[in-house]
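The values are calculated or read from the model by the stated rules, or taken from the named source; none is laboratory data. The structure presented is a predicted model; accordingly, all values stated were derived computationally and were not measured. Positions of Cβ are backbone-derived with ideal geometry, glycine not excepted, and every protein chain shown enters the neighbour counts. Only protein heavy atoms, including side chains, enter the accessible area calculation; ligands, DNA and RNA are left aside. Shrake-Rupley method; radii C 1.70, N 1.55, O 1.52, S 1.80 Å.
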Amino acid sequence: MNRRKFLSSGTIGLSAISMIPSSIIANNNPVSVFSIGEGFNRVSSQINHISVAFLPQHFLKAHTALMHILLKKGYSYDNTKVVKLSSNCFAIPLSKKPLIGFNTKELALLIEHKGNCKHYILNENTTIAFNSLVENFSKSSDSHELNLDAIAFSAPAKVIKKSDGKENRFVYKNADGNTVTLIGSSKRQIAMVN
């Protein structure tokens, strides 16, 4: 193919894409916590969606601050509901529309520890690691015929460290005092419990 034909076919292809309505390419619907992965589907009976209006005051203040950040960063989310993981941890499923590619599925967490409420945004790979923790704990509990609460075990009670980079880490303690490390990168997504 000669250069002129290549350039004209590329221009025609780009023109055709630009005429497609953006609503076909980009989904404006916020992501559901159940679409993140099998882990949250397994524990659907333990998950409660609550209205933002019923959040305690300190959570409401942190939620409002988080909404400004999510709006600036271009996230889609349901701003009327949150997912209650525990009495001190609420989750907000997020979706982000990149210019090219598929929508991401991420998770924002509102966590209260000793009266302070902070927000944390887990990127897609770290969210996958969190989902796999919920899924594996639930499967293990079921296979041993134990009636353990996977959400209570997985929910953060105190954040120790959050770092971003090539490999994202989110380290926290759960209600039982176990240290959970979520590691997410393009090559691996794992959850470790100590």
With (1) assigned to a strand (DSSP E or B); (2) more than 17 Å from Ile47 (Cβ to Cβ); (3) open to solvent by 10 Å² or more (accessible area, probe 1.4 Å) as the list, and Ser95 as the residue in question, which single condition is left unmet? (3)
So in segment 112-126, with the set limited to residues that are outside any loop (DSSP other than H, G, I, E, B), touching a helix residue (DSSP H, G or I) at 6+ places or on another chain (Cβ under 9 Å) and not charged (D, E, K, R), which one is most open to solvent (accessible area, probe 1.4 Å)? Asn116
Whichever residue in segment 41-59 is open to solvent by less than 50 Å² (accessible area, probe 1.4 Å) and touching a strand residue (DSSP E or B) at 6+ places or on another chain (Cβ under 9 Å) and, among such residues, is nearest to Asn79 (Cα to Cα): Val52
Looking at segment 77-85, can you tell me whether even one residue there is aromatic (Phe, Trp, Tyr), without any contact (Cβ under 8 Å) to a residue 60 or more places away in the chain and within 19 Å of Thr126 (Cβ to Cβ)? yes
Counting only residues that are aliphatic (A, V, I, L, M) and open to solvent by 30 Å² or more (accessible area, probe 1.4 Å), how many does segment 180-191 have? 2
With respect to Asn79, determine if the residue is touching a strand residue (DSSP E or B) at 6+ places or on another chain (Cβ under 9 Å) and part of a helix (DSSP H, G or I). no
If we ask which residues in segment 66-92 are touching a helix residue (DSSP H, G or I) at 6+ places or on another chain (Cβ under 7 Å) and either aromatic (Phe, Trp, Tyr) or at positive phi (or both), their number turns out to be 2
Among the listed residues Ser132, Ser186, which satisfies the condition of being part of a loop (DSSP other than H, G, I, E, B) and in contact (Cβ under 8 Å) with a residue 60 or more places away in the chain? Ser186
Checked pairs for segment 161-178, first within 14 Å of His113 (Cβ to Cβ), second aromatic (Phe, Trp, Tyr) and in a strand (DSSP E or B), C-beta under 8 Å and 6 or more apart or across chains, list as Lys161/Phe170; Lys162/Tyr120; Lys162/Phe170
Considering each residue of segment 141-179, count those that are open to solvent by less than 70 Å² (accessible area, probe 1.4 Å), at pLDDT 95 or above and β-branched (Val, Ile, Thr), and give that number. 3
